[in-house]
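Engineer: Take this structure first; my questions come after.
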Amino acid sequence: MAAAVRLRQRNLMDRLLNWYIDTVRSHFALHGLPAIKNPNVPGILSDLISVGNVLKRVLATLCDAWHHYMFPISFIYADNSNKDDMLARIRFRHSLTAMIDIALSDHEFQLMAHMLVEHHLTACGKHEENQMVDDRDEAQRLAFLAEIRQQIDVLQVQDRMERIVAEVYHKFIPRYISRQYARIWEQEQRAEPLMVELKNLIYGPITRCVSVLIRRDELLESRLYELVTECLVKLGIEEMFDIVIYFPDSIPALGYLKMCLKTQEHRAQLVTEFQNACHARLLHCGANTSDIISFYMSTIRAFKLLEPRGVLLDKVSRSIRRYLRDREDTVKCIVNGMLEVEDANTGDLSELGKELASSSGTQSADAVDDNGYSDMNWVPDPIDAAPDFRNKRSSDFIGSLLSLYDNKEVFVKEIVVVLANRLLDLKNYEIDREMMHLELLKLLFGESDLHNCDVMVKDILESKRVDSNIHDPTTVAPGTYPVAGIVHASMLSKLFWPAFRDEDLALPHVIEEQLNRYSAKFSILKSARKLTWLKRLGSVDVTLELEDRTLDFTVSPDRASMIYLFQERSTYTLTELSARLNLDEITTRRALGFWIKNDVLKEDESCNDKFILLERAEESKKKVLLDDAAESSVQTTEEKATEEMRIYWSYVNGMLTNIPALPIDRIQSFLKMLIPKEVGYSRNVDELRDFLTVMVAEEKLEYVSGSYRLKR
Amino acid sequence: MDSQNTTPTTFSSHKMQDAPTAMADSHSVTKRLQSELMQLMMSNVPGISAFPVSDSNLCQWTGTISGPEGTFYEGLTYKISMTFPPNYPYHAPVIRFVSPMWHPNVDMSGNICLDILKEKWSAIYNVQTILLSLQSLLGEPNNASPLNAQAADLWDGNPAEYKRLMMTHYKDIGEINDE
C-alpha cells in the first residue's frame with residue numbers, strides 16, 4: 001500500500017515536473033526571449049564596448065531567469081538523499097539549459113560573442129605590439145571577461161562559448177599573422193625572433209584571455225602553437241615565389257619556413273603552389289630569358305637552403321627547366337653570362353661569371369663519385385623524391401644550367417661564337433680576361449671541345465706580335481712606305497673560327513692604300529702567305545669635325561666608310577650610298593640609322609631616301625626607327641642552325657631520291673651515321689620530326705603510312 | 001696514273017699485314033665515302049644522285065641517273081647499284097644498272113662497259129664523277145666496243161627503231177622500287 005502511495009506520489013511529482021517544465025518554457029518564450037532580444041542591435045554593433053555591455057545584459061537576464069525558474073525546483077525537490085529528487089533536478093536543469101542554449105543560438109548573440117572575443121584577442125595583439133599600453137588595461141579586460149565567464153558557468157553553456165572562442169581564434173590568428181608578417185622577408189623577425197615573439201603572444205595575453213573565457217586545458221597552448229606554425233607555413237608557401245625573387249635578402253624567411261615545413265602535405269603543397277606561381281608570373285613569353293635564368297639560380301639557392309637534399313628543388317625546377325629548354329636564346333644568355341658579356345638584349349647575368357670563377361676546380365673532383373658509394377653520411381632519398389631524382393651537387397647552378405641540354409655541344413658552339421666576337425672587338429690585343437674565361441670554361445667543358453678557342457686566342461697573341469713587327473720603323477724596307485700607326489690587324493686561322501659573313505665593303509682609298517701596305521709588309525714577314533682582308537669586321541675610331549662641333553665615335557667599318565663619303569659632298573641618296581659602299585640596302589640603311597640617331601645625318605624631309613650631313617646641329621624632330629643593334633660579325637648560332645638544316649635537307653633529299661620511302665628512325669640513323677663529324681649531327685628524333693613536318697607542310701615531302709617520301 | 005691506280009703497298013706494305021690496320025683502313029674507306037657523300041649532297045647536281053643503302057654498310061650504295069636532255073633517254077630515270085671495295089678508292093667500285101637498260105655499252109644484266117670503271121680507274125675519281133660519266137655515257141655511247149651489238153647498230157642506223165626497242169625495255173623507277 002505504502003508502495004502504491006509512493007508510486008502515485010511519484011507519478012504526481014513527475015506530472016508536476018512536466019507541468020512546471022512546460023510552464024517555464026511558455027513563460028520563457030513569452031517574456032524571456034523578448035527581453036533578451038535587442039531591438040537596437042544593428043545600431044550598437046558598431047560600438048564594441050556597448051556590444052560587451054549588451055552581451056552582459058543578455059547573459060544577466062538569462063541568469064536571472066535561470067535563478068527564478070530554478071528556485072521552486074530547488075525546494076520542491078530539495079532532498080539531496082532522495083534519488084528521485086536528484087533526477088528531477090537534473091532533468092529540469094537539462095531542460096532549462098536546452099532552452100537557454102536555443103535562445104543563445106540566435107544569430108545576434110553569436111555575432112556579438114564573436115565580436116567581443118575578437119575584440120579582446122585583437123587587444124592582446126595590440127598589447128604585444130605596444131608595451132606602453134599598460135597592464136591595467138589588460139586586467140580590466142580580463143575582469144570583464146571573467147564576469148561573462150561566470151554567467152556562462154551559471155547558464156552551463158560553456159560548450160557554446162568554447163566553440164565560439166575556437167572559431168574566433170582560428171580566424172584571428174591567421175589574419176593576425178598575415179597582417180603582421182606577410183611580405184616581410186628581409187628582417188630578422190621572420191626567423192627565430194619571430195617565433196619567440198609569437199610564443200610570447202600565445203603564451204601570454206592570448207592564453208590568458210582565452211583561458212578566462214573557457215575551461216583551461218593543457219592542450220590549449222600546444223594547439224594554439226600548432227595553429228600558429230601552420231599559419232606560418234601557409235604564409236611561407238604562398239610567398240615562396242616572392243621569397244625567391246628577393247633572395248638573398250629573404251634568407252631569414254627561409255629559415256623559419258625550414259623550421260615549420262615538416263609534413264609531406266606541406267612539401268607537396270609548396271611544390272604545387274610554387275609551380276603555379278612560376279607559370280603565372282614567370283614562365284610566359286613576357287619574361288626575359290635572363291630574368292628566368294637568374295630566377296632559376298635564386299630558386300636553386302633558396303631551395304637548397306630550405307632543403308639541402310634537393311628533392312624539392314628537383315621537383316620545382318622541372319617546369320622551369322623544361323621552359324628554358326624551349327627558349328631560343330637560353331644558351332646565348334647563359335654563355336654571355338658566363339663570359340660576363342654585357343648585352344642589352346640578354347640582360348645581366350654576370351653573376352654566372354663570378355660563380356664560374358669561384359667554383360672552378362670543384363667540378364671534376366665531384367664527378368668521380370656519382371653514386372655516393374664512398375659517402376659515409378649517405379641516407380636514402382626522402383619519400384617524396386621523384387623516381388628519377390638524382391642528388392645533384394650542392395647549389396652548383398652552373399652545372400644545373402649546363403645539364404639543361406643533353407649535350408654540352410650547344411654551349412660549346414655558342415661559346416665559340418661569343419668568344420670570336422669578343423676577340424674581334426678587341427683593340428689592343430689585350431686578351432687576359434678572355435684567356436682567364438677560357439681556362440675556366442675548359443674546366444667545365446674539357447680541353448678538347450674548346451680546342452678551337454685555344455687557336456683563336458693564339459691567333460690574337462700571334463697577331464699582336466706580327467702587328468708590332470709590321471709597325472716597327474726599323475724594318476721598313478727601302479722604297480716602301482711605312483704603314484700608318486692607326487691600322488692594326490688580327491690574323492685569323494680561318495678554319496678554327498666560326499664562319500664569317502663574307503660580305504664585301506668598299507673602304508675609302510686612303511684606308512685601302514694602308515691595308516695594301518700592311519699586306520705587303522705581312523708578305524715580307526711571312527713569306528708565301530697572303531692576307532685576305534675581312535673588311536666588314538673590326539672597329540674604327542672616328543673623329544668628326546663639323547662646323548660647330550667635334551664628335552668622337554668608335555664604329556664598325558661600314559659606318560666609318562659611309563661617313564667618310566660625306567666628306568666629299570653633303571647629300572647622297574640611299575642607292576648612291578649602297579653602290580659606293582658596295583653594301584646591300586638593308587645594311588646601308590642600318591648604318592644610316594646609326595648616324596641619324598647620333599644627329600650627324602638627317603633624312604631629307606622633302607625627298608625620301610636622301611640623306612644630308614648636318615654641319616650644324618639642329619633639333620631633330622623624329623628619331624630613326626631602325627634598330628641598330630650591334631651586328632654580330634660572325635654567324636650567330638641561329639644562322640648556323642639554319643645552315644645546318646640546309647645540309648640535312650640535302651641529305652634527306654638524296655636519301656629519299658634513292659630509297660623510295662623511309663620511316664623516321666631510319667632517316668635519323670642515316671643522318672647520324674653519314675654526316676661527317678666536322679659538320680656534326682646532334683638533333684634528336686623529335687627535332688628531326690619537327691623539321692620533316694615543316695618539309696611536309698612545304699610540300700617537299702609526304703608522309704604515307706609511317707614513312708616519308710619525296711613529293712613528286 | 002698507274003701509281004694512283006695501285007694500292008700504295010710500296011710504303012705501307014707492313015701496315016697491310018697487321019690486323020688492326022685493316023680496321024683503320026676500313027675506317028678510312030668509311031670516312032672517304034662519308035666525305036664523298038657530303039660533297040655529292042652539297043653540290044646537288046641535277047639528274048644524278050646516290051645514297052648508301054643502309055646506315056650499317058657504307059660500301060653499298062644505290063643511285064639514280066636521269067637521261068640527259070637531247071638524247072634518247074631524256075625524261076627517263078634509271079636506278080643503279082654501286083658496290084665499293086674495301087680498298088676503295090684504290091680500286092674502282094662495281095657499278096650495275098638495276099633498272100633494265102637497253103644501251104650499247106650495257107648488257108642485259110646491267111653490267112657496264114666503261115673504261116674509267118675498269119682499266120682507266122684512278123683514285124682521283126669519285127662518286128660524283130662516276131655518276132656524271134655514266135650520265136654522259138647515255139648520250140655518247142662507245143659503239144666501238146659494244147656489249148649490246150643490236151643497240152650499237154641501231155644507234156646510228158635506225159634511231160626510231162632504237163627508241164622503240166629501248167622503250168620496250170624501260171621500266172619506271174617506281175615499278176622497280178615496288179618490286
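The values are calculated or read from the model by the stated rules, or taken from the named source; none is laboratory data. As the structure is a prediction and not an experimental result, all values here were calculated from the model. Note: ideal-geometry Cβ built from the backbone for every residue, glycine included; neighbour counts use all protein chains shown.
Engineer: Being surrounded by 16 or more Cβ atoms within 10 Å (Cβ to Cβ) and within 13 Å of chain B (Cβ to nearest Cβ) is the filter here; which residues of the range A:675-699 pass it?
Structural biologist: Matches in the range A:675-699: A:Ile675, A:Tyr681.
Engineer: Against the conditions (1) under 13 Å from the mean Cα position of the chain (by Cα); (2) within 9 Å of another protein chain (Cβ to nearest Cβ), where does B:Pro93 fall short? Just the number, please.
Structural biologist: (2)
Engineer: State which residue is nearest to the chain's Cα centre (by Cα) when the search covers only the range A:534-557 and only residues that are among the charged types (D, E, K, R) and not in a strand (DSSP E or B).
Structural biologist: The selected residue is A:Arg536.
This table checks each residue for (1) modelled with pLDDT of 90 or more; (2) surrounded by 15 or more Cβ atoms within 10 Å (Cβ to Cβ).
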| residue | (1), (2) |
| --- | --- |
| B:Met1 | no, no |
| B:Thr6 | no, no |
| B:Met16 | no, no |
| B:Met38 | no, yes |
| B:Phe51 | yes, yes |
| B:Thr83 | yes, no |
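Engineer: Against the definition (more than 26 Å from A:Leu423 (Cα to Cα) and either without any contact (Cβ under 8 Å) to a residue 24 or more places away in the chain or out of contact with any Asp or Glu (no Cβ under 7 Å at 6 or more places or on another chain) (or both)), how does A:Tyr572 come out, yes or no?
Structural biologist: Here the answer is yes, as A:Tyr572 does meet what is asked.
Engineer: Could you name every one of the helices (runs of 4 or more DSSP H) located completely within the range A:1-87 that has at least 2 residues being at pLDDT 80 or above?
Structural biologist: A:2-27, A:48-76
Engineer: For the range B:28-50, give me each residue that is of a type in the set (A, V, I, L, M, F, W, C) and over 14 Å from B:Ile130 (Cβ atoms).
Structural biologist: B:Val29, B:Met38, B:Met41, B:Met42
Engineer: Mind listing whichever residues of the range B:75-90 are within 15 Å of B:Gln128 (Cα to Cα), touching a Ser or Thr at 6+ places or on another chain (Cβ under 9 Å) and more than 14 Å from chain A (Cβ to nearest Cβ)?
Structural biologist: Scanning the range B:75-90 gives a single hit, B:Pro89.
Engineer: May I ask you to list the residues in the range B:148-179 that are assigned to a helix (DSSP H, G or I), among the charged types (D, E, K, R) and within 14 Å of chain A (Cβ to nearest Cβ)?
Structural biologist: B:Glu175, B:Asp178
Engineer: Do any strands (runs of 3 or more DSSP E) lying entirely in the range B:47-115 carry at least 3 residues that are among the polar types (S, T, N, Q), and which ones are they?
Structural biologist: The strands (runs of 3 or more DSSP E) meeting that bar are B:60-66, B:77-83.
Engineer: Which one is nearest to A:Phe670 (Cα to Cα), of the residues in the range B:54-74 that are free of Cβ contacts under 8 Å to residues at least 12 places away in the same chain and within 11 Å of chain A (Cβ to nearest Cβ)?
Structural biologist: B:Asp55
Engineer: Within the bounds of the range A:418-429, is there any residue that is within 21 Å of A:Ser290 (Cβ to Cβ) and under 28 Å from the mean Cα position of the chain (by Cα)?
Structural biologist: yes
Engineer: If you don't mind, another one. Out of the residues in the range A:650-674 that are outside any helix (DSSP H, G or I) and either of a type in the set (Gly, Ala, Ser) or more than 7 Å from every other protein chain (Cβ to nearest Cβ) (or both), which is surrounded by the most Cβ atoms within 10 Å (Cβ to Cβ)?
Structural biologist: A:Leu662
Engineer: Among the residues of the range A:411-445, what is the count of those that are more than 21 Å from A:Leu537 (Cα to Cα), modelled with pLDDT under 80 and touching a Ser or Thr at 6+ places or on another chain (Cβ under 9 Å)?
Structural biologist: Within the range A:411-445, residues that are more than 21 Å from A:Leu537 (Cα to Cα), modelled with pLDDT under 80 and touching a Ser or Thr at 6+ places or on another chain (Cβ under 9 Å) number 2.
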